[in-house]
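Engineer: Pasting in a structure now, in structure tokens, and then I'll have a few things to ask.
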Amino acid sequence: MNSDFYDHPALYDALLPVRAHLPYYAELARQASGDILELACGTGQLTVPLAGAGLRIAGLELSEPMLRTARERAAAAKVSVEFVPGDMRNFSMGREFALIFIARNSLLHLHSTEDILATLAMVRGHLAPGGSSRSTSSIRMFGCLRGLQASAFPFFKRKRKRSARFRSRKQPTMILPRR
């Protein structure tokens, strides 16, 4: 997609609604025992409803128009969300999170192995002890990592057991090891 697409948040929301994804992320967030961070949070389509459910959540987003829309969405919903401008490859939130997630193929915005590994390092550095991370990205993303030794990067593993509620989702889950 052209980066200009992200200058039009209303079009983005119309073309990429989150209705089908919200229950999955709501369940993950409810299981977290602490603050939550969504990387590449876009217009807050997931972040704001999770905050509305009483969860403590922050969102990081590179696009200023998307962040502006996310802030407007949070204000309209009368919820408090810390929206931070930033790049998921290099950021500092100054605290740790019980759950960090990158939703809906947003990890695919990274086009090199170095960018993906930099993002994973940022995620790992911001995870609270016992925290977890999730990315629901298409298996196509893993093609850029094909040349790496799997044993050197143990944070990729396929989740074997799924509840019946999520069984139809065939997306791989990335799990970072606990620190």
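Engineer: Considering only region 31-45, state which residues are touching a helix residue (DSSP H, G or I) at 6+ places or on another chain (Cβ under 9 Å) and more than 20 Å from residue 76 (Cβ to Cβ).
Structural biologist: Restricting attention to region 31-45, the residues satisfying the condition of being touching a helix residue (DSSP H, G or I) at 6+ places or on another chain (Cβ under 9 Å) are 36-45.
Passing the criteria: 36, 37, 39, 40.
Engineer: Hey, can you tell me all the residues within region 63-85 that are over 18 Å from residue 5 (Cα atoms) and in contact (Cβ under 8 Å) with a residue 24 or more places away in the chain?
Structural biologist: Residues satisfying the conditions are 71, 73, 74, 77, 79, 80, 81, 82, 83, 84.
Engineer: Sort through 73, 89, 95 and tell me the only one that's basic (Lys, Arg) and more than 24 Å from residue 117 (Cα to Cα).
Structural biologist: 73
Engineer: List the residue pairs whose Cβ atoms are under 6 Å apart, where the first residue sits in region 86-105 and is more than 16 Å from residue 50 (Cα to Cα) and touching a residue at least 12 places away in the same chain (Cβ under 8 Å), the second is surrounded by 18 or more Cβ atoms within 10 Å (Cβ to Cβ) and of a type in the set (S, T, N, Q), and the two are 6 or more positions apart or on different chains.
Structural biologist: If the second residue must be surrounded by 18 or more Cβ atoms within 10 Å (Cβ to Cβ) and of a type in the set (S, T, N, Q), the pairs left are 88/119; 89/119; 105/137.
Engineer: Taking into account only those residues within region 5-20 that are assigned to a loop (DSSP other than H, G, I, E, B) and in contact (Cβ under 8 Å) with a residue 12 or more places away in the chain, which is surrounded by the most Cβ atoms within 10 Å (Cβ to Cβ)?
Structural biologist: Top of the filtered list is 18.
Engineer: Tell me, which strands (runs of 3 or more DSSP E) lie completely within region 21-131 with 2 or more residues that are at pLDDT 95 or above and surrounded by fewer than 18 Cβ atoms within 10 Å (Cβ to Cβ)?
Structural biologist: Answer list for region 21-131: 82-85.
The values are calculated or read from the model by the stated rules, or taken from the named source; none is laboratory data. What you see is a predicted model; the values in this text were computed from it and never measured. So basically every Cβ, Gly included, is an ideal-geometry build from the backbone, and we count neighbours across all protein chains shown.
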